[in-house]
Each structure stands twice: as structure tokens, then as C-alpha cells.
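Working notes, beginning with the structure itself.
The values are calculated or read from the model by the stated rules, or taken from the named source; none is laboratory data. Keep in mind it's a predicted model, so treat the numbers as computed, not measured. Here the Cβ is made from the backbone with ideal geometry for all residues, glycine too, and neighbour counts use every protein chain on show.
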Amino acid sequence: MGSIYLIRHGQASFGADDYDVLSPVGVEQAQVLGRHLADMGLVFDRCVAGDLRRQQHTATATFDQYTALGLPVPTLETDSAFNEFDADAIIRALLPDLLTAEPEALEILRNAAQNRSEFQRIFALIIERWLAGTYDPPGLESWLGFVERVQAGLQRLLDAAHNTQKIAVFTSGGTITALLHLITRMPPPRPSN
């Protein structure tokens, strides 16, 4: 029986001008992961990543460890279905409706690096609204649209897979959540209000 390993990208550059770059910690996480997977004796037949730089860089930094140990490295395939949802677009679209209940939200989001816990709280409120589907403006990828995109990528992966293949999928946390939702049929958490 084959296996699919869902691997979240290493730590990105929170608070930097470009979040889609691994931080030094993120690079180290990927290297540690590569050594750990190699120590476990895992050899992968395929490697797929979304096309986000943090996903791609995590895959290459992980498999650089395999190369250093003389282990086979699969070719990195790219499928944008495994990209994370566009958090910036969701925040921009849903923030205006949240400001009535959370008037400080804009200032908190502007200073996210100095206000991590408050940023996380506001971000969670926005994502809860997105998951609920009641705040989906035109042109914004909805939660259901995101799940459909991820499901299409999973189906392409399964259609091309052989029964005994080990496949590494380098992706993001939201994408892994959607994949687990699809596999387990557990619904996403609903807003508490």
C-alpha cells in the first residue's frame, strides 16, 4: 500500500515584507526534517509541492539532506492546487465588516509582528467568517472553492499514483486542513457566535 506524507512548509517570514520566504528557522526546520526522514529510512517515489516559494524551498532544503547522504531524490513536481488560501485577500475582503465589532483590528493587523497574539485572535475571527461562508464577496475564493481546488489536486495525485508509492506533498497548514476535511469528512469548526 502506498503512502502520502503531508508536510507543512517551514517557518515563513512573519512580519517581513515578503512572508513567502522561509525564515532562517524555517530553513533549519526543513533540514532537520530531511535528516529525520532519512534516518527513518524513508525513500520517496514522488515529491509534489504547491508553487509558493516557502513550499518549494522546504522541499528542496529537505531533500538536500538526502543528496548529502547519497540517497535518491525524486523530481520536484509542482501543483498549485496545494497552495495555501490567499489569506491577504481574505483579510482585505472581510476586515471591513469586522471593524464594527473590532475597531482596533486594522491597527493590530498593520502591526502584526509587534502584536502576535492579537493578530492571531483577529485572524482567527476573519477565518471563522470565511469558513462560515456568509461573508463571501464576489471574486474571493470561498472555503468551499478552496476545498474543491485542493480536492482536484488530491485526485490528480491519486490518479497518477501507483499502489506502493511513497509521495511527499509539501504544502501549507490550511491546505492540510482541507485535505484532512476531505479524507475524514469532519466538518471545519464553525464560528462560536
Scanning region 90-114 for residues that are surrounded by 14 or more Cβ atoms within 10 Å (Cβ to Cβ) and touching a residue at least 40 places away in the same chain (Cβ under 8 Å), the one farthest from Val150 (Cα to Cα) turns out to be Ala112
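Return yes or no: is Gly145 exposed (fewer than 14 other Cβ atoms within 10 Å of the Cβ) and without any contact (Cβ under 8 Å) to a residue 60 or more places away in the chain? Walk me through how you get there before you give the answer.
On the way: exposed (fewer than 14 other Cβ atoms within 10 Å of the Cβ): yes; without any contact (Cβ under 8 Å) to a residue 60 or more places away in the chain: yes.
Criteria met by Gly145.
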Open item on the list: When you check Asp39 against the structure, is it exposed (fewer than 12 other Cβ atoms within 10 Å of the Cβ) and either of a type outside the set (Lys, Arg) or in contact (Cβ under 8 Å) with a residue 24 or more places away in the chain (or both), yes or no?
Closed with: yes
Asp18 fails exactly one of (1) assigned to a helix (DSSP H, G or I); (2) at pLDDT below 95, namely (1)
Before we move on, is Thr164 hydroxyl-bearing (Ser, Thr, Tyr), closer than 30 Å to Val43 by Cα and surrounded by fewer than 16 Cβ atoms within 10 Å (Cβ to Cβ)?
yes
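Taking Leu179 as the residue in question, decide whether it is in the same structural domain as Ser13 (by TED's automatic domain parsing), at pLDDT below 95, among the aliphatic types (A, V, I, L, M) and in a helix (DSSP H, G or I). Quick ask: steps written out before the conclusion?
Working: in the same structural domain as Ser13 (by TED's automatic domain parsing): yes; at pLDDT below 95: yes; among the aliphatic types (A, V, I, L, M): yes; in a helix (DSSP H, G or I): yes.
So Leu179 fits the description; yes.
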Condition set within 16 Å of the chain's Cα centre (by Cα) and among the β-branched types (Val, Ile, Thr), scope region 127-176, selection farthest from Thr58 (Cα to Cα): answer is Ile127
So, first residue under 14 Å from Thr177 (Cα atoms) in region 118-131, second residue modelled with pLDDT under 90 and surrounded by fewer than 19 Cβ atoms within 10 Å (Cβ to Cβ), Cβ within less than 6 Å, six or more apart or across chains; the pairs are Glu128/Pro191; Leu131/Pro188
The condition of being more than 30 Å from Pro137 (Cβ to Cβ) and under 17 Å from the mean Cα position of the chain (by Cα) holds, among Val27, Val73, Val21, only for Val27
